[in-house]
Every structure is written in structure tokens, then in C-alpha cells.
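This report refers to the structure that appears directly beneath it.
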Amino acid sequence: MIYIDVLVEYDVLKLNRPFTYACRQPVEPGCRVRVLFRNREVIGYVTAVHEQTHLQKVSEVLEVVDPKPLLNEELSELSEWMSHTYVCPRISCLKTMLPPALKPEKTHSKVIMEDWAELGDPVELTEKQRAYRDAFEYPLPAREFRRQSAGLARTLIKKGAVRLFKKEKESKPVMPVGTDTNFTLTEEQKAAVQTIAEGSDSLYLLHGVTGSGKTEVFLQLAQKTLDAGRQVLFLVPEIGLTPLMIERVTARFGANIAIYHSRLTAQEKYRQYRAVQEGKTAIVVGTRSAVFMPFSKLGLILMDEEHDGSYKQDNLPRYQTRDIVRWRAAYHTCKAVFASATPALESYSRALNQTYHLVELKHRIYQNLPEIRLLDMRREPRQDALAKTLIDAIRQRLADHEQTILLLNRRGYLPIVRCAECGTVLTCPDCGIALTYHKREDVLKCHSCGRIFAFDHICPTCGSTHFFQASLGTEKLEEQVRQLFPTASILRMDADSTRKKHAHEKILSEFQAHGDILLGTQMVAKGLDFERVTLVGILQADASLARMDYRSAETAYEMLEQAAGRSGRGTRAGIVMIQTFDPDHYVMQAVVKHDYQQFFRKEMKYRRLGVYPPFVFLCSVLFSAGNAQKALQAASDAKAFCAGFDVIGPTEISMRQRRPRFRIVIKSSSKQKLVKMVQELADRHQRLFSTVSISINMDPYMLEE
Ligand code: ADP
Ligand code: ZN
Ligand code: ZN
């Protein structure tokens with residue numbers, strides 16, 4: 001008999017506390033076991049094996065699930081590092097790292113991909129055996145087939161009445177096969193490839209304006225890596241939005257490429273995972289979760305649109321993909337390239353202090369960057385949501401057989417209150433942050449300090465009683481555009497219209513084939529490359545300018561510059577029209593000139609003044625409980641405990657599941673000190689406030705949720 005420590009998922013509070021079980025057969029750390037935990041069967045994860053135990057009563061493992069550890073040494077180490085750095089349960093890291101088929105689970109009824117049972121040959125069976133065989137619908141996971149009676153199941157398999165197989169056969173995911181274009185690189189591209197391929201540094205920031213040909217640089221670097229017999233990881237924010245890029249990558253590298261993203265079925269994920277593990281896949285293109293693929297000979301990591309918010313996972317273990325990229329690049333001593341036209345401030349700062357080697361692509365391949373025109377909505381005549389100037393421009397595009405993209409910004413959409421006459425946004429007198437309107441109570445609230453203000457519906461600047469309602473949705477916009485242009489071919493892309501698998505691809509290929517106008521949420525801002533698009537119109541551009549969050553201006557700049565980047569990418573010149581109430585805002589002024597550096601310098605001043613990243617590291621800690629008093633007490637105690645640290649709050653934030661929530665934000669210029677503090681805080685919290693739930697978010701992407 002051996003004794004094993006098993007991690008099970010049960011309560012995020014008790015970080016990494018394993019439970020001891022007895023086991024009759026040999027098992028290694030890193031394997032899953034089926035155990036009884038609080039009277040429920042769960043799948044746990046073995047962390048250690050002992051000869052003895054000092055415990056009196058130890059229950060026995062029900063089943064050893066894996067003959068060999070699931071994770072190799074690297075990923076096992078990585079999961080420990082994550083658990084430490086993000087102050088989160090290691091089991092949450094394992095769950096994130098492994099494909100669904102291999103996860104440790106709260107229940108064990110999940111499909112395990114290894115063995116499947118299917119109906120076999122007709123053979124003589126006793127009545128009991130027949131009844132057992134006929135009780136199931138085939139094929140089904142072997143585990144389920146065995147559950148009722150392992151003995152009967154064994155006999156049926158032995159007789160051949162039921163067969164076992166590995167369920168890996170399935171249809172291939174539809175993959176567009178494009179034609180490859182082997183460009184002659186421009187001088188700039190050539191220099192970029194050379195710097196990165198031959199440089200002695202390991203981390204690079206590729207800052208290239210939109211349309212500067214970053215993809216081709218990636219492909220050439222990938223080729224060199226494959227030639228050297230090593231694997232490539234190519235991270236993108238969203239697969240569905242970049243079908244053309246995927247086409248180009250598949251056209252170039254064909255068979256040994258895997259596309260890995262959240263919309264794959266559990267089986268597809270499992271198969272891809274295994275192929276990488278077995279070294280059959282040389283290049284993986286994928287979203288966030290692909291960063292955990294079990295590469296053995298990783299030679300290059302490419303991270304496109306590295307600024308994108310989707311690289312930060314919101315739920316446990318709340319990791320930032322860029323951190324994982326750096327960790328793995330160091331482990332494999334390989335190169336990592338972070339690329340963007342609008343790098344995250346954290347990344348650009350790292351480039352300026354030479355943590356990253358900065359490589360720039362300053363020119364577009366074909367045209368100059370598009371002209372940007374700010375339409376001042378305080379003066380512009382308009383029809384419904386669109387300025388007349390924009391309507392005329394769309395009409396011109398229709399006449400010239402060119403295409404238009406209309407972006408309705410809903411990100412950061414919060415019911416802020418803006419005067420329709422003078423454009424004033426009502427802000428908190430203490431925090432300078434836009435107030436949000438709560439319709440039911442008819443009050444204004446500050447999400448930073450929590451103060452509540454009565455709303456008299458009179459503009460403090462001009463006395464107008466007419467307030468702008470930022471409540472336009474994409475469907476409504478579609479309606480208006482259809483009325484304006486009844487004969488145009490109009491496509492809409494937003495969360496609703498893309499719910500189905502491959503919906504993105506379908507909309508985009510229709511747009512490519514015969515579309516005139518593509519309208520949608522910020523989805524249409526990202527990555528698209530259509531050469532006939534010569535007009536981009538951006539509505540409600542101010543929605544995210546209002547300083548709701550320390551990163552508001554950054555995401556606003558990114559969104560505007562990225563959206564602008566869709567215009568005039570081919571041989572025809574493009575233009576961008578931005579409808580704004582605030583044309584003098586420094587974000588607008590930088591966007592007009594496509595001047596990232598100007599934006600960066602301005603924004604860094606605000607960050608320094610406000611003491612925000614990249615000048616400090618943040619950790620946001622939420623406390624929630626059935627009653628507000630208790631949650632607040634825990635939050636206040638935590639703040640007091642963090643003596644010597646700059647702490648914001650406790651701030652009451654919106655309830656979730658009817659539970660009041662309070663947040664504190666801890667700041668520190670040392671990441672190490674911050675992590676240590678938060679770990680101590682978490683320990684203390686478990687001891688003193690076990691009825692208050694705590695949620696820790698290291699390096700929160702945004703403070704507001
Ligand atoms: P980015 O990712 O920097 O926005 P892309 O990689 O999508 O830009 O390239 C922009 C366009 O230029 C694409 O249509 C691409 O096919 C084309 N392109 C890239 N490199 C070259 C080149 N060397 N010669 C000609 N066309 C190129
Ligand atoms: Zn305030
Ligand atoms: Zn006003």
C-alpha cells in the first residue's frame with residue numbers, strides 16, 4: 001500500500017491543500033485518480049507519493065485513471081509557477097492547461113477520450129448479459145459502459161459483443177486552403193526578419209503599423225524555425241476573425257499545422273493536443289489556451305496583436321498569456337516575438353528599457369496609412385446615428401464598388417451621461433471619472449469612490465436638459481443603414497450573429513465575395529484584411545474615452561487605430577471617419593496622426609500621476625459575502641494588513657449573484673513583494689474570514705468588470 005497526496009477541486013479558498021488517499025497499485029505524481037471526496041466521486045490529481053502516513057483513517061483510491069503522468073516536467077513546473085505567481089489553486093492551472101478530455105474534474109462523468117465502447121459481433125449471450133448490453137446507446141465512453149457492472153462489461157468485451165476502441169477518428173475541421181503567395185520581402189520586412197532571426201536577444205517587440213506586412217515576417221521566421229527542426233507556436237487573439245491569415249499559414253505549412261481554439265470540440269482539442277505531444281505537429285496556430293500545448297522542441301513563439309485583452313484570462317487562474325510566453329521561451333531557450341501596431345503600454349515600456357528588442361515596421365506595403373477625419377458630432381448634421389458626411393462617403397463607395405466597414409463601439413459601453421448640446425460628460429468631482437447612470441434609482445454613481453449623486457437632468461455646463469443616450473445597438477444600426485441604402489449588400493457581425501461555429505468565416509467570405517457594407521462591434525476592428533475596403537466609419541467613438549478605468553484611453557486608442565487600420569490596405573487609398581464629441585481629446589489627436597509614440601508619452605504621464613501600470617504592478621482583490629458588513633470587514637482588514645503598500649479602497653462594486661462585493665487594489669513597484677504580500681493575505685483570509693469569498697486578480701487588465 002502507498003499513500004498519495006491528491007489535489008481535488010473544491011474550494012478555491014484553500015489553496016493547494018492536498019488530501020491523502022491510500023492506493024494499492026503504483027502511481028506517479030501527475031496522474032489522475034478517481035476518489036471519493038465528501039461522498040462524491042471526483043477526479044483528482046496526484047502531487048506526491050509516500051510510503052507511509054501518520055493519518056489514522058485514510059480512504060482508498062477508487063481507480064488510477066492515467067498510467068503515465070499527464071504533464072511533462074516543463075508544464076508541471078509551469079503549473080506550480082502559475083499557482084505561485086497568480087496566487088491561485090494549482091488545480092485551476094491544471095484545468096486550464098489540459099484539454100477538456102484530460103482535466104481533473106469535480107465529477108467523473110465527463111467523457112474521457114481514451115476508450116470507447118461500441119457494439120460488437122452478434123454472439124450468444126445470457127439474458128442478463130444481453131440486458132446489460134442493450135441498456136446503452138453506442139458508442140459511449142468505456143468508463144460509462146463499465147460503471148454499472150465492471151464484471152458484466154468485462155465479459156461482454158471478452159466475448160466480442162462489445163468492442164473497445166480509441167475514439168480519435170472523426171472529421172477534420174474545415175480548413176480553408178488558400179493559395180500561397182511568396183512575396184519578395186520589402187527592405188523593412190527583410191531587416192525585421194534578419195534582426196530577429198540572427199539577433200542574440202530572446203524577446204522581441206515587433207511594432208509595425210497596420211498593413212505593414214507583419215504576417216509575412218512571421219511566416220518567414222516560422223520557416224526558419226521549422227527548417228531547424230523545431231516547433232512553432234503562433235498565438236492570435238481570435239481564430240474566426242483571421243480566416244485569411246489562417247489561410248496563408250495553412251497554404252504555406254500545410255499538413256503539419258494545428259489550429260487550436262476554444263470553439264473546437266473536446267475531441268478535436270484532444271486530438272490536436274496528442275499530435276503536438278507526439279511531435280507530429282510542427283506549428284500550432286491558436287488562441288490563448290494554445291500557449292499550454294505540450295511542445296517538446298519549441299523553437300519560436302509568435303504573438304500577434306499582443307495588446308489584445310483576450311490574452312488575459314478573466315477567470316481562474318487569471319493568467320496573462322504574455323507571462324506564459326516569456327516563461328516558456330526561457331525554458332526552451334527560444335525566441336518570442338510580441339507584435340502589434342498598438343503595443344500594450346507595459347510592452348512598449350519593456351522595449352524602451354531594452355527588456356524587449358524593439359523592431360519596427362513603419363510603412364505600409366502599398367499605400368500610406370489612411371487619412372483620418374474627425375466628425376465633430378456637436379456640429380455635424382446627421383440622420384439617425386450617422387453623420388451626413390459619413391453617409392455621403394458610403395454612397396460614394398457604393399458607386400465606386402468599394403467597401404465600407406462601420407464600427408459601433410460598445411466596448412466600455414456603460415450608461416455614461418453626456419449632454420447632447422455641449423458634449424459634457426458628467427464626472428465625479430473627486431475622482432474625475434465618468435459617472436454611470438442607474439436608471440432604476442435615477443441616480444449617478446462613481447465606480448471609483450462609490451459616491452452617489454442625485455441626477456437633476458440639467459447639464460452643469462450649458463444648462464441643457466437634453467442628454468445623449470448611448471443606447472444604439474448593432475441591430476438598430478443595421479436597420480438604419482438598410483433604410484439609407486436599400487439596394488446595398490449589408491452584413492452584420494457581432495456576438496449575436498456569430499454564435500454558430502464558423503459564422504465568422506461565413507460572414508467574412510460573403511463580405512469578401514459581394515458585400516458592400518460590413519457593420520459590427522469591435523470584432524470588425526481586428527485583423528481584417530480586405531483590399532477593397534476604403535472607408536471605415538466609427539460610431540460612438542467616445543464611449544470608451546470616458547475615463548472609467550486606468551486602461552480606458554489605451555483600449556480606446558487601440559480600437560480606433562486598429563479599426564482605422566482596416567481601411568486602404570490594398571492598392572486603393574483609404575479614409576477613416578470617426579464620429580466624436582471630443583475631437584480635442586489626446587487619444588483622438590494621436591489617432592489622427594497615427595502617432596503611437598505621441599499617445600504613449602501622453603498616456604504615460606497620466607499613468608505616472610495616477611500611479612498605475614506600467615509604473616507599478618496591481619493586484620485587485622474582491623471580497624464577497626452574503627452580507628455587506630462581513631465583506632466590508634474582510635476587505636478593510638485586508639487593507640490594514642497590507643501596511644506599507646499603497647492600497648485603493650475598499651470600494652463597493654456591483655453585486656454579483658446578489659452578493660455584495662468590495663474591492664481593494666494593492667499597488668507595488670516590486671512584483672515579488674506584491675506576490676508575497678498577496679499570498680500572506682490569502683493565507684490570513686482563509687484563517688480569519690472563511691465565510692467571505694475572496695477573488696484575486698494579479699495584473700488585472702481592467703479594474704471595472
Ligand atoms: P499587418 O499584419 O502588418 O497588418 P499583413 O501582414 O496583413 O499586415 O500585410 C498587409 C498586406 O500586404 C497583405 O494583404 C499582404 O498580403 C500584403 N503583403 C505583405 N508583405 C508583402 C510583400 N512583401 N509584397 C507584397 N505584398 C505584401
Ligand atoms: Zn469618485
Ligand atoms: Zn451641456
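Of all residues assigned to the range 442-454, none qualifies as being within 23 Å of Ala541 (Cα to Cα), more than 9 Å from ligand 2 (Cβ to nearest atom) and aromatic (Phe, Trp, Tyr).
Inclusion of Arg492 among residues that are more than 16 Å from ligand 3 (Cβ to nearest atom), at pLDDT below 80 and out of contact with any Lys or Arg (no Cβ under 8 Å at 6 or more places or on another chain) is not warranted.
Of everything listed in (1) at pLDDT below 90; (2) surrounded by 13 or more Cβ atoms within 10 Å (Cβ to Cβ), the single unmet condition for Phe485 is (1). Residue by residue through the range 150-179, note down the ones that are surrounded by 15 or more Cβ atoms within 10 Å (Cβ to Cβ) and either at pLDDT 85 or above or out of contact with any Asp or Glu (no Cβ under 7 Å at 6 or more places or on another chain) (or both). Those that are surrounded by 15 or more Cβ atoms within 10 Å (Cβ to Cβ) and either at pLDDT 85 or above or out of contact with any Asp or Glu (no Cβ under 7 Å at 6 or more places or on another chain) (or both): Leu152, Ala153, Thr155, Leu156, Ile157, Lys159, Ala161, Val162, Lys167. Taking the stated definitions as given, is Arg572 farther than 30 Å from Ile696 by Cβ and either basic (Lys, Arg) or open to solvent by 40 Å² or more (accessible area, probe 1.4 Å) (or both)? Taking the combined requirement at face value, the residue satisfies it.
Taking the range 661-686, which residues are under 19 Å from Leu632 (Cβ atoms) and either of a type in the set (Lys, Arg) or at pLDDT 90 or above (or both)?
Residues satisfying the conditions are Arg661, Phe662, Arg663, Ile664, Val665, Ile666, Leu681, Ala682, Arg684, His685.
Is it true that some residue in the range 489-501 is open to solvent by less than 70 Å² (accessible area, probe 1.4 Å), of a type outside the set (D, E, K, R), under 18 Å from Leu390 (Cβ atoms) and more than 26 Å from the chain's Cα centre (by Cα)? Checked the range 489-501: at least one residue is open to solvent by less than 70 Å² (accessible area, probe 1.4 Å), of a type outside the set (D, E, K, R), under 18 Å from Leu390 (Cβ atoms) and more than 26 Å from the chain's Cα centre (by Cα).
Of all residues assigned to the range 612-619, at least one qualifies as being in contact with a strand residue (DSSP E or B) (Cβ under 8 Å, 6 or more places away or on another chain), within 30 Å of Ala525 (Cβ to Cβ), in a loop (DSSP other than H, G, I, E, B) and touching a residue at least 40 places away in the same chain (Cβ under 8 Å).
Considering the conditions (1) away from ligand 3 (no atom under 16 Å from the Cβ); (2) in contact with a His (Cβ under 9 Å, 6 or more places away or on another chain); (3) part of a loop (DSSP other than H, G, I, E, B), Met523 is excluded by exactly one of them, (3).
Of all the criteria given as (1) modelled with pLDDT of 90 or more; (2) among the hydrophobic types (A, V, I, L, M, F, W, C); (3) open to solvent by 30 Å² or more (accessible area, probe 1.4 Å); (4) within 29 Å of Glu558 (Cα to Cα), the one not satisfied by Leu300 is (3).
Test Ala275 against the criterion of being without any contact (Cβ under 8 Å) to a residue 40 or more places away in the chain, touching a strand residue (DSSP E or B) at 6+ places or on another chain (Cβ under 9 Å) and open to solvent by less than 30 Å² (accessible area, probe 1.4 Å), and give yes or no.
Working: without any contact (Cβ under 8 Å) to a residue 40 or more places away in the chain: yes; touching a strand residue (DSSP E or B) at 6+ places or on another chain (Cβ under 9 Å): yes; open to solvent by less than 30 Å² (accessible area, probe 1.4 Å): yes.
Yes; evaluated as a whole, the condition is true for this residue.
Of the residues making up the range 580-614, those that are more than 30 Å from Ser668 (Cβ to Cβ) and open to solvent by less than 10 Å² (accessible area, probe 1.4 Å) are Thr580, Met588, Val591. If the condition is being open to solvent by 10 Å² or more (accessible area, probe 1.4 Å) and closer than 20 Å to Lys297 by Cα, then the range 232-259 contributes Phe253, Gly254, Ala255, Asn256, Ile257, Ile259.
Just to confirm my filter: which strands (runs of 3 or more DSSP E) fall fully inside the range 637-705 and include at least 1 residues that are in contact (Cβ under 8 Å) with a residue 60 or more places away in the chain and hydroxyl-bearing (Ser, Thr, Tyr)?
Details: elements: 646-656, 659-668, 693-698.
Where strands (runs of 3 or more DSSP E) fall fully within the range 637-705 and carry at least 1 residues being in contact (Cβ under 8 Å) with a residue 60 or more places away in the chain and hydroxyl-bearing (Ser, Thr, Tyr), they are 646-656, 693-698.
Screening Ile653, Ile694, Ile648 for residues that are modelled with pLDDT under 95, open to solvent by 30 Å² or more (accessible area, probe 1.4 Å), under 27 Å from the mean Cα position of the chain (by Cα) and β-branched (Val, Ile, Thr) leaves exactly one candidate, Ile648.
To keep it simple, each residue is scored yes or no on (1) more than 11 Å from ligand 1 (Cβ to nearest atom); (2) modelled with pLDDT of 95 or more; (3) under 12 Å from Ala282 (Cβ atoms).
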{"position": "Lys214", "(1), (2), (3)": "no, no, no"}
{"position": "Leu221", "(1), (2), (3)": "yes, yes, no"}
{"position": "Lys224", "(1), (2), (3)": "yes, yes, no"}
{"position": "Phe234", "(1), (2), (3)": "yes, yes, yes"}
{"position": "Ile239", "(1), (2), (3)": "yes, no, no"}
{"position": "Met245", "(1), (2), (3)": "no, no, no"}
{"position": "Phe253", "(1), (2), (3)": "yes, no, yes"}
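Is at least one residue of the range 418-435 within 16 Å of ligand 1 (Cβ to nearest atom), of a type in the set (A, V, I, L, M) and surrounded by 21 or more Cβ atoms within 10 Å (Cβ to Cβ)? No; the residues of the range 418-435 include none that is within 16 Å of ligand 1 (Cβ to nearest atom), of a type in the set (A, V, I, L, M) and surrounded by 21 or more Cβ atoms within 10 Å (Cβ to Cβ).
For the range 399-418, does any single residue satisfy the condition of being within 16 Å of ligand 3 (Cβ to nearest atom) and over 29 Å from the mean Cα position of the chain (by Cα)?
yes
Could you please let me know if Gln589 is part of a helix (DSSP H, G or I), without any contact (Cβ under 8 Å) to a residue 24 or more places away in the chain and within 24 Å of Tyr348 (Cβ to Cβ)? In short, yes. Of all residues in the range 313-360, those satisfying the criterion of being among the basic types (Lys, Arg) and closer than 15 Å to Cys93 by Cβ are Arg318, Arg328. With respect to (1) at pLDDT below 90; (2) open to solvent by 50 Å² or more (accessible area, probe 1.4 Å); (3) closer than 30 Å to Ile372 by Cβ, the lone exception for Thr210 is condition (2). Scanning the range 592-611 for residues being of a type outside the set (D, E, K, R), in a loop (DSSP other than H, G, I, E, B) and over 30 Å from Cys88 (Cα atoms) gives a total of 1. Of all positions in the range 666-675, none carries a residue that is among the charged types (D, E, K, R), open to solvent by 20 Å² or more (accessible area, probe 1.4 Å), under 19 Å from Pro89 (Cα atoms) and more than 26 Å from the chain's Cα centre (by Cα).
The values are calculated or read from the model by the stated rules, or taken from the named source; none is laboratory data. Just so you know, these numbers come straight off a predicted model, no measurement behind them. In this analysis, Cβ positions are derived from the backbone assuming ideal geometry, glycine residues included, and neighbour counts consider all displayed protein chains. Accessible surface areas use protein heavy atoms only, side chains included; no ligands, DNA or RNA. Shrake-Rupley method; radii C 1.70, N 1.55, O 1.52, S 1.80 Å.
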